[in-house]
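Data block below; observations after.
The values are calculated or read from the model by the stated rules, or taken from the named source; none is laboratory data. If you're wondering where the values come from, they're calculated on a predicted model, not measured in any experiment. Glycine also receives a Cβ, built like all others from the backbone with ideal geometry; neighbour counts cover every protein chain displayed. Keep in mind that these areas ignore ligands, DNA and RNA; they rest on the heavy atoms of the full protein, side chains included. Shrake-Rupley method; radii C 1.70, N 1.55, O 1.52, S 1.80 Å.
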Amino acid sequence: MASERPVYLQLRDRIAEAILDGHYREGDMLPSVRAFAAEQGANPLTVAKAYQLFQDEGLISVRRGVGMFVAEGATNRLRARERRAFLDEEWPRILSTIERLGIDPAELFERA
């Protein structure tokens, strides 16, 4: 994971993408901390920290002795949050690059 972002946030992003892409649906059980850590080549404590973020936000629920599950309404809440983040943080940088490079918006739509 060659990014400047902390690993736990990168893992959080991967889980969020999996939920938004429908790989994990509401009510589905997530992989255990150890299984996800092994799959991602990450430290289990780092994965636990990523999962904790979702739990703190009410996006996953923990059933003691059973596992962690995607909470009801998590997909819509995640989509709304990711959309806000894109429009507030990423889009201004993208727009600035488009303007700096003199890219015609029509060209972007031709490539879509």
With N residues in region 1-58, Rg(alpha-carbon) / (2.2 N^0.38 Å) equals 1.06
Place a +1 charge on the Cβ of each Lys and Arg in the chain and a -1 charge on the Cβ of each Asp and Glu, then give the dipole magnitude about the Cα centre in debye, rounded to the nearest 20. 520
Using the Kirkwood radius over Cα pairs of the chain, the Stokes-Einstein translational diffusion coefficient at 25 °C and 0.890 mPa s, in µm²/s and rounded to a whole number, is 155
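Can you check what the Kirkwood hydrodynamic radius comes to for region 30-75, Cα pairs only, in Å to one decimal?
Evaluated over region 30-75, this radius sits at 10.8 Å.
How many percent of the accessible area of the chain is carbon or sulfur, using a 1.4 Å probe?
Carbon and sulfur: 52 percent of the exposed surface of the chain.
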Heavy-atom accessible area per residue of the chain, all protein chains kept, 1.4 Å probe, expressed in Å², is 70
